[in-house]
Amino acid sequence: MFSRNDLFLNQRFKYNHLAGIYIHIPFCKQACFYCDFHFSVNQSYKGEMVDAILRELEIQKDYLGNEVIKTIYFGGGTPSLLSRHELETIQDQIFKFHQVSDVAEITLEANPDDLPYRKLEELRNSGVNRLSIGIQTFDSNTLKMLNRAHSAAEARECLSLAREVGFKNISIDLIYGIPGRNDNLWIEDLQEAMHYRPEHISTYSLTVEPNTVFGRRLRKNEFPEPDEEHSAGQFEIMTEQLKEAGYDHYEISNFCLPGHHSRHNSSYWQQQNYLGTGPGAHSYDGATRQFNISNNGKYMKALSKGVVPFEREVLNQKDKVNEYLLTTLRTQWGADLNRLREEFNIDLLADKGDYIHGLVNSNLVMITNQCLVLTNNGKLLADKISSDLFID
Ligand code: SF4
C-alpha cells in the first residue's frame with residue numbers, strides 16, 4: 001500500500017527535475033572476486049585521473065542546462081581512496097559550474113578499511129552527508145572468500161565510528177545467495193546489520209560474471225554456479241526481516257527507513273537527467289544516453305586533448321517506454337499509467353490488458369492510484385514481467 005509520503009514522492013518525481021551528478025573513481029585496493037565494475041588496482045596515476053575528471057566537468061558544464069543539482073554521487077571503484085584535497089577539488093569544480101541545492105544529497109561510496117575516525121571526520125567536513133559503505137557481510141571467512149580488503153572487525157568499527165562522527169545517513173551493501181552460505185548465516189548478517197540501524201540497505205544477489213575471478217573458476221569447475229532457489233529463499237528472508245524491522249522495500253534491491261530512500265538512485269529509476277563523469281560513467285539527458293569509455297588510459301589521453309571519449313545512443317520512443325517500465329516496476333511506486341499516457345501516448349491497460357489482469361489475478365501485480373506495482377511475489381519475476389510488458 002502507498003503511504004502519503006509515497007504518493008507525495010511519486011508526484012514530486014513527476015513534476016520536479018532532480019538533476020544529479022555522478023563521479024566514477026576507477027581505483028580499488030584489490031579486486032573482489034565477484035566484481036566486474038570498471039576499476040584498476042594501480043593507483044599510481046590517481047592525481048592525473050582527478051585532473052581528467054575536473055576537465056570533463058568543465059567540458060560538460062552545460063550538459064544539464066540550468067537544472068539545479070539535487071544529488072552528487074561519488075561511486076566506483078572506491079571513492080574513499082580520494083584524499084581530502086582531491087575530493088574537495090572535485091566538489092569545488094561541481095559548485096563552480098552548477099547551482100547546487102543547499103540540501104543536496106552528497107553520497108560517497110566507501111570501504112570499511114578506509115574509514116578510520118580521522119578520515120570519517122574529513123569526509124564529513126568536506127560536505128559528504130551520506131555514506132554508502134561496502135560491508136557485504138560481517139563474516140570473516142566469507143569476506144576472505146570474496147577477496148574483500150577489509151576485515152569483519154573493520155566493518156563493525158567503521159559503522160560505530162561513522163555515527164560517532166555524526167553521519168546521520170548511512171547506507172550499507174550486503175550480498176546474499178553466496179554458494180555454501182546457508183540461511184542461518186544470512187540471517188546473522190541481517191541481524192547484525194539491523195543492530196547498527198543504517199538508514200539504507202542495498203542488497204546484491206551474487207551473480208558470477210564471466211570477467212571475474214569467480215567467472216574463471218566457474219569455467220574450471222572450481223566454483224559453483226549460484227543457485228536461483230537458494231537466492232530467492234534468502235531474498236524472501238530478507239524482505240520479511242527488514243520489513244519487520246521497519247524498513248521500506250522501496251526498490252527490489254533496496255530498503256530504507258522511512259524517508260531515507262537514495263535520492264540519487266531514485267532519480268535514475270524515474271528517468272531524471274544526470275551527468276556521469278569519469279571512465280565508464282553514463283549520462284542521460286532525456287533524449288540520449290552517453291557512455292564514457294571504460295579504459296583509464298584512453299579516458300585520460302582524450303581528456304588531455306579536451307575531448308570527452310563517449311559513445312552516444314539516441315533513444316527512440318520504444319527505448320524510453322521500455323526503460324521506464326524496466327526501472328519503475330522495480331520500485332514501490334511502480335509504473336505510472338497516467339504518465340505513460342501523457343508523456344508517451346501509451347495506454348498500457350488497453351494494449352496489454354489481458355496480460356495485466358492475469359498478473360493481478362495471480363497476485364503478481366496490483367494497480368494502485370493508476371500505478372502498476374509489483375507485489376512481493378511479482379518482485380521475484382520483475383525482469384520477466386517488465387520484458388513481457390515491453391512495447392514493440
Ligand atoms: S571494492 Fe567495490 S568496485 Fe572495487 S573490486 Fe570490490 S566490489 Fe568492485
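Of all DSSP beta bridges confined to segment 170-309, the antiparallel ones make up roughly 60%.
Shown for the chain: cysteine residues without a partner Cβ closer than 4.7 Å, namely 28, 158, 256, 371.
Only Cα sites of the chain enter the Debye sum here, all with the same form factor; the resulting log10 I(q)/I(0) across q = 0.06, 0.14 1/Å is -0.24, -1.42, listed in q order. The charge dipole of segment 334-389, taken about its Cα centre with unit charges on the Cβ atoms of Lys, Arg (+1), Asp and Glu (-1) only, comes to about 200 debye. With coordinates expressed along the principal axes, the C-alpha atoms belonging to segment 334-389 extend over 29, 19, 19 Å, beginning with the largest. Normalised by the number of residues in segment 69-163, the average gap of Cα pairs under 8 Å and 6 or more apart makes the relative contact order 31 percent.
Between the alpha-carbon centres of segment 340-392 and segment 268-325 there is a gap of 28 Å.
What is the ratio of the Cα radius of gyration of segment 165-237 to 2.2 N^0.38 Å, where N is its residue count, to two decimals?
Values: Rg = 14.7 Å, N = 73, 2.2 N^0.38 = 11.2 Å.
Against the empirical 2.2 N^0.38 Å value, I get 1.30 for segment 165-237.
Around the Cα centre of segment 240-392, unit charges on the Cβ atoms of Lys, Arg, Asp and Glu (plus for the first two, minus for the last two) sum to a dipole of about 660 debye. Its alpha carbons considered, segment 268-381 gives a radius of gyration followed by a Dmax of 18.2, 59 Å.
Measuring nothing but alpha carbons in segment 47-174 and taking Rh as the Kirkwood radius, the Rg to Rh ratio lands at 1.01.
What 222 nm value per residue comes from the helices of the chain, counting each DSSP H run with n ≥ 4 as -39,500 (n - 2.57) and dividing by all residues, nearest 500 deg cm²/dmol? Before the final figure, lay out each step's value.
On the way: 17 runs with 169 residues, N = 392.
Result for the chain, helices only: -12500 deg cm²/dmol.
Considering only alpha-carbon pairs that sit under 8 angstrom and 6 or more positions apart, the relative contact order computed for segment 304-392 is 33 percent. Checking the Cα-Cα distances for 70/119; 318/384; 243/379; 61/320 against a 20 Å cut-off, the pairs over it are 70/119; 61/320.
Run the numbers on the chain and let me know its relative contact order in percent, using alpha-carbon pairs under 8 Å that are six or more apart.
Details: 657 pairs, mean separation 64.5, N = 392.
Relative contact order, the chain: 16 percent.
Among 252, 178, what is the fewest-to-most ranking by other Cβ atoms within 10 Å?
Numbers: 252 19, 178 22.
Lowest count first: 252, 178.
Have a look at the DSSP beta bridges in the chain and tell me what percent are antiparallel, nearest 5. Around 40 percent antiparallel, to the nearest 5. Legend: ranking of residues 220, 70 from fewest to most surrounding C-beta atoms inside 10 Å; resulting order 220, 70. The ranking of 80, 294 by Cβ neighbour count inside 10 Å, starting from the fewest, reads 294, 80.
Mind checking which of 275, 34, 179 is farthest towards the positive end of the chain's charge dipole, using Cβ charges of +1 (Lys, Arg) and -1 (Asp, Glu) about the Cα centre? Ranked along the dipole, the leading option is 275.
Give me the dipole magnitude in Debye, nearest 20, for segment 263-352 about the Cα centre, with unit charges on the beta carbon: positive for Lys and Arg, negative for Asp and Glu. Mind dumping the intermediate values first?
Details: 12 positive and 10 negative charges, 90 e Å.
Computed about the Cα centre, the dipole is about 420 debye.
Packing, taken as the mean count of other beta carbons within 10 Å per residue, orders the peptides 71-77, 147-153 from highest to lowest as 71-77, 147-153.
None of the figures in this text is laboratory data; all of them are computed from the coordinates on show. Since the model is a prediction, treat every value here as computed from it, not as a measurement. Because the Cβ atoms are built from the backbone with ideal geometry, glycine has one as well, and the counts that use them run over all protein chains shown.
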